[in-house]
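See structure below.
The values are calculated or read from the model by the stated rules, or taken from the named source; none is laboratory data. Worth saying up front: this structure is predicted, and the values here are computed from it rather than measured. Methodologically, a virtual Cβ is constructed for each residue, glycine included, from the backbone with ideal geometry; neighbour enumeration extends over all protein chains shown. Ligands, DNA and RNA are excluded from the accessible area calculation, which covers all protein heavy atoms including side chains. Shrake-Rupley method; radii C 1.70, N 1.55, O 1.52, S 1.80 Å.
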Amino acid sequence: MRSALSAGSSASFAGALAIVRNGKPFTDGEYAKTFMLDVANERFDDFPNKDKIIKRIKDIPLSARTVHDRSIMMANQVEETQIKDISAGTYFSLALDESTDVSHLSQCSIIARYAAGDTLREESLAVLPMKGTTRGEDLFMCVGCQGGRCSAVLQLLDNTDWLLQFHNLVDITGHLNQLNVKMQGIGKTISSLQQAVFAFESKLEVFLRDIETGHFELEVADLKASDMWMSKFKSLNGELKSLARQRAELAREHKWTEMKNLQPEDQLILKTWNELPVTYHTMQRVRIAVLTMFGSTYACEQSFSHMRNIKNYLRSRLTDGSLHKAISKTVQHQKSH
C-alpha cells in the first residue's frame, strides 16, 4: 500500500496535470483545494472518518510553486520519451508555424508526427520565441538556437543522410500544401476538387518511382502474390469499412464520447504494416514515411489556440519556458507518470 506521503504526492501531480491541461493559472491549485474542502465538508458530513478525509485534502501540496514545479517535471519526462521515440523511429515529420501572443511576441510552434510502435503520435516539441523577422528561414534558425529544448531535432540536423531525406520531405510537403490551397475557397465544385485530388495522386506515383528504394517493386509484386495480401490487407480493408460504419452510426446518434473511444484508423494501418516480415522492410519504411507526413499545419494552429488561452492578458508575463511546458501538456498524446 502507498504511504500517505506518496498518495499526497500522487494527488498533487494529478491536480497539477488537470490545472495545466485546462490552461489554468498555477495559482488555481489553492483554489482547487479550497473547493474540494468545501465540497468534502458537505458531502462527507455523516462519515465517521470525515476528519481524516479533510486532513488528507489539506495535506495535498497545491501551491502555485508546487503546481509549477510539478508541471515542469512532467513535461521534462514527456520530452525525454519524445527524444527516445523519435530517435528510434524510421521517419518523422515536423510542422512549423508562427503566430503572435498577447504580448505581441512572435512564437514559433514545432509539432512532430512520428510512429511509436503501432501508434502514430502528433505532439508539441516546443514553442519558441522569435526575435526580428519571421520568414521561413528564421523558423529554422530559431530551432537551431534553442539548445537542449529541441535536442532531438538538433541531433538529426547534424546527420547528412537525414538532411537529404528532410529536403525531399519538404519538397513533397510543398506539393501537398499546393493541393491544400486548391481545396480551399468558395465556389469550388465537387468535380474540380476531385480532379485536384486525382492529379495529386498521379504526382505521387511519379514521386514514388523516383525514390531509390532498391527492391521496392519486387517487394510489391511479391506481397501481392502472397497469401498475406489476402489475409492481412483484405482483412484490414474490412476492418476499416466496419470502423467507418461504426463512426457514422455513432455520429447519427450524437454519441461523441463513444466515437472518441473507437480505435484510430491509422493505428490499424500501422499495426498491419508492422506485422509484415522483414523481407518487406522497404515497403514498411515507405508506408511509415507516408503515414507520418502532415496534411496541413492544423496542429500548429491548434497549439496557437492553446497559447492564447494560456497566455492571456491576465498572464501576459508568463515566461517562455512555462508557456512551452503548459502548451506541451495540452496537446500531448503521451501520459506522464
(message) Can you return the lysines within cross-link range of Lys55? Criterion is Cα-Cα under 16 Å, with same-chain partners fewer than 8 residues away left out.
(response) Lys33
(message) At 1.4 Å probe size, put Tyr298, Tyr280, Tyr91 in order of accessible surface, largest to smallest.
(response) Tyr298, Tyr91, Tyr280
(message) Keeping all protein chains in the complex and leaving out DNA, RNA and ligands, what accessible area do you get for Thr272 with a 1.4 Å probe, in Å² to the nearest 10?
(response) 20
(request) Set the Förster radius R0 to 22 Å, insert the Cβ-Cβ distance between Ser192 and Ala244 as r into 1/(1 + (r/R0)^6), and round the FRET efficiency to 0.05. (result) 0.30
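Which percent of the accessible heavy-atom area of region 221-292 goes to carbon and sulfur, probe 1.4 angstrom? Write out the running numbers ahead of the final one.
Working: 2550 of 4610 Å².
Answer for region 221-292: carbon and sulfur cover 55 percent of the accessible area.
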(request) Would you kindly find the accessible area of Arg56, with a 1.4 Å probe and non-protein molecules such as ligands, DNA and RNA excluded, rounding to the nearest 10 Å²? (result) 120
(request) Return the sequence-ordered ³J(HN,Hα) values of region 78-88 in whole Hz as given by the Karplus equation 6.51 cos²θ - 1.76 cosθ + 1.60 applied to θ = phi - 60°, using x for Gly and Pro. (result) 5, 4, 4, 5, 4, 4, 5, 5, 5, 5, 7
(message) Can you return the lysines within cross-link range of Lys232? Criterion is Cα-Cα under 21 Å, with same-chain partners fewer than 8 residues away left out.
(response) Lys224, Lys241, Lys271
(message) Heavy atoms only, 1.4 Å probe, whole protein assembly: order Glu123, Glu79 by accessible area, highest first.
(response) Glu79, Glu123
(request) Report the accessible area of Phe47, computed with a 1.4 Å probe over the heavy atoms of all protein chains in place, in Å² rounded to the nearest 10. (result) 80
(request) Check the straight Cα-Cα distances from Lys182 and name the lysines below 16 Å, setting aside those fewer than 8 residues away within the same chain. (result) Lys203
(message) If I stretch the segment between Ser10 and Gln263 completely, what's the gain in nm (0.36 nm per residue apart, minus their alpha carbon distance), one decimal?
(response) 88.2 nm
(request) Using a 1.4 Å probe and counting only protein heavy atoms, arrange Asp101, Asp45 so the residue with the most accessible area comes first. (result) Asp45, Asp101
(request) First compute the accessible area of region 7-62 with a 1.4 Å probe, then give the percent of it belonging to carbon and sulfur atoms. (result) 56
(request) Estimate the FRET efficiency between Met230 and Lys182 by the formula 1/(1 + (r/R0)^6), using the beta-carbon distance for r and 51 Å for R0, to the nearest 0.05. (result) 0.90
(message) Can you compute the modelled spin-label distance between Leu223 and Arg308, with each label point 7 Å from Cα toward Cβ, in nm?
(response) 4.2
